[in-house]
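The values are calculated or read from the model by the stated rules, or taken from the named source; none is laboratory data. Keep in mind that this is a model prediction, so the values were computed, not measured. So basically every Cβ, Gly included, is an ideal-geometry build from the backbone, and we count neighbours across all protein chains shown. Just the protein is used for accessible areas: all its heavy atoms, side chains included, with ligands, DNA and RNA removed. Shrake-Rupley method; radii C 1.70, N 1.55, O 1.52, S 1.80 Å.
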Amino acid sequence: MSALQNEACIVGIGQTPFLRGTDDDCSSSLRVELQACEAAIKDAGLSNKDIDGILPFYGLSIAEDLAVNLGVRDLAYQATSHVGGAGPGASVANAANAVVAGLANYVIIPGGWYGYSGRRVRQIVVQDVNAMSGGKTARDFYFPFGLTAPVQWFSFIARLHMMEFGTKPEHLGAVAVAQRKHAQLNPNALLRDKPLDMAGYLASPMISDPYRMFDCSLEADGGCAFVVTTKERARDLAQTPINILGIAQGQPFPADDILTREDPFHLGVTDAAPRAFGMAGIEAKDVDFAEIYDPFTFQVIQQLEEIGFCERGSGGDFVADGGIELGGKLPVNTHGGLLSEAHVLGMNHYIEAVQQLRGNAGERQVKDAEIGIVTGFGDFGDGAIAVLGR
Amino acid sequence: MTSTDTTTAGKETSKPTPQMEGTTKEFYDFCQKKELRFQCCSNCKQWRHVPRLMCAECGSWEWQWLRSSGRGKVFTWTVVERPMHPDFVEDVPYAPVVIELEEGVRMVSWLSNCDPHEITRGMPVEVEFDAVSEQLTLPKFKRRNNPL
Ligand SMILES: [Zn+2]
């Protein structure tokens, strides 16, 4: 049994409004990250000075910037994992480790950006990939050939799956449509007032074939944060603690090159999922809902397969016919996800999972939700998965 | 890290270029000589791309740059209908492809003599060299109409 199993919990969550357009100074993400931290600390019933661990998101505000503003005078622990969108999950592992081992008592995990009003992910240039894990491969062997954006390199894998297993555009569309339905039940979702059906999905313009516009996540301005502590300390705090039952990370090999892998469908989460389920002592069938990091629609199908919710190759059928909608076999991205709520780095997936397990998800509440998973997906398929329970 | 070079066609380009250092420079220096070469482990004879300092199979630090036949097949591709990077606006629609070479290695490249919408899986291709500037020649591929 792992020393971390069911020992740490999420005790506070916070977020800013999610926007597309703001008057804020967008040159740094610090403001939205601080606002989210403030809200999460308050939600937990703590004060800023109680925080003694900060786990910043790679490439965003560093711990010092956050600490000097929040007034954290005794910063006992800080760490960052270079795994892009798998960062929140990596930080959950790190936070659980830190509080259980006694390196820190109350650890905060922030993440936010001006992903719409500042510079956008679609506009990444060589200077940005230099900062990514795997960036040198992209810089030297992808960019010169016009392969410059995530929508392009992930579309290669989607096409491969379509050729190999007969996955159809309508299967990708089923993910987009399901998540948009969920967004309509979520007051925070940017696309709550914009219904989408399959015809609307198929009519959206092609970006990087087979990816259309509605296969792509929604660049947004906003931040989220959450606080992790031990089960024991959680007893004295304001909220029902949400337990971290299992947590694990993984990386595909080679991590820096998505296109030459022997098995092109193998992701970090392929290896991480059995580790996290093992730690939690559960199986895929025990999961009541899944918040799956969704940069693009196919990456949802791929992760569902690789985690083991269905066989590899059958993910298209799994998501069709409402399979991942509320009331379906496995509700996925109940907030609308990065596709239809907002792209807030997958931090919003943790906020949603906690809301579901607290029973606070309003119209989109999964009935009797007891166990949920949250995945992260970064760079060229780095993975993280948390099993959360109440 | 974009450079402003003059292409052989005499047209200004600012397309992104590889950082010419270490094994990346070695790879592209061969392309400059119109040779497509990949690392092959001196110990276990495993071919590899992208270039590495060590063989991931056996741990050897020794390699040779062996010449590829330049022939391969389309493994997967995308058709970029909407440009993301400002330097590729004029190229749309274009198709970055992944080529699987006869030696077993895969590489990202570009298919030049084929309508992006006509690309098929397994389409036979062969390398051709595009001198995009005085300093850089890119290995691109063309469709083989009469595959042997
Ligand atoms: Zn070797």
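Worth pointing out:
- Probe 1.4 Å - accessible area at B:T137, Å² to nearest ten: 10 Å²
- Projected area averaged over orientations for the stretch B:15-143, convex hull of C-alpha atoms, nm²: 8.1 nm²
- When B:E134, A:E305, B:E35 are compared by accessible area at a 1.4 angstrom probe, the order from most to least is B:E134, B:E35, A:E305.
- Residues losing 50 Å² or more accessible surface upon assembly, the stretch B:78-94, compared with the chain by itself, 1.4 Å: B:T78, B:R82, B:M84, B:H85
- Interface residues of the stretch B:114-133, defined as those losing at least 10 Å² of solvent-accessible heavy-atom surface relative to the isolated chain (probe radius 1.4 Å), are listed as B:R121.
- Helix axis angle, A:30-44 relative to chain A longest principal axis, alpha carbon, degrees: 60 degrees
- The accessible surface of the stretch A:1-149, taken with every protein chain in place and a 1.4 Å probe, is 46 percent carbon and sulfur.
- Linear extension gain, B:D115 paired with B:M54, 0.36 nm per residue minus alpha-carbon span: 18.1 nm
- Where Rh is the Kirkwood radius over Cα pairs, Rg/Rh for the stretch A:42-146: 1.07
- The stretch A:276-333 - convex hull of alpha carbons, volume per residue in Å³: 78 Å³
- Once the 1.4 Å probe is applied to the protein heavy atoms, the stretch B:15-143 comes out at 45 Å² accessible per residue.
- Summed over the residues of chain A and divided among them, the accessible surface reaches 34 Å² per residue at a probe radius of 1.4 Å.
- For the stretch A:172-247, applying the loop criterion from DSSP together with a ceiling of 11 other beta carbons within 10 Å to the trypsin sites (Lys or Arg not before Pro) yields A:R235.
- Restricting attention to the stretch B:15-143, the count of lysine pairs at 8 or more positions apart or across chains with alpha carbons under 13 Å apart stands at 4.
- Take the Cβ atoms of A:E164 and A:K49, set R0 to 56 Å, and the FRET efficiency comes out at 0.55.
- Alpha-carbon gyration tensor eigenvalues x 5, square-rooted, for chain A, Å: 30, 23, 21
- Relative intensity, log₁₀ I(q)/I(0), of the stretch A:81-219 from a Debye sum that treats every alpha carbon as a point, q = 0.10, 0.15, 0.18 Å⁻¹: -0.50, -1.01, -1.21
- Cα-based radius of gyration for the stretch A:145-287, normalised by 2.2 N^0.38 Å, reads 1.33.
- Two-site label geometry, A:S27 and B:S133: point separation in nm, points 7 Å out along Cα→Cβ: 3.0 nm
- Over chain A: helical MRE at 222 nm, DSSP H runs n ≥ 4 each giving -39500 (n - 2.57), nearest 500: -10000 deg cm²/dmol
- Solvent-accessible area buried by pairing A with B, both sides, nearest 100 square angstrom, 1.4 angstrom probe: 3400 Å²
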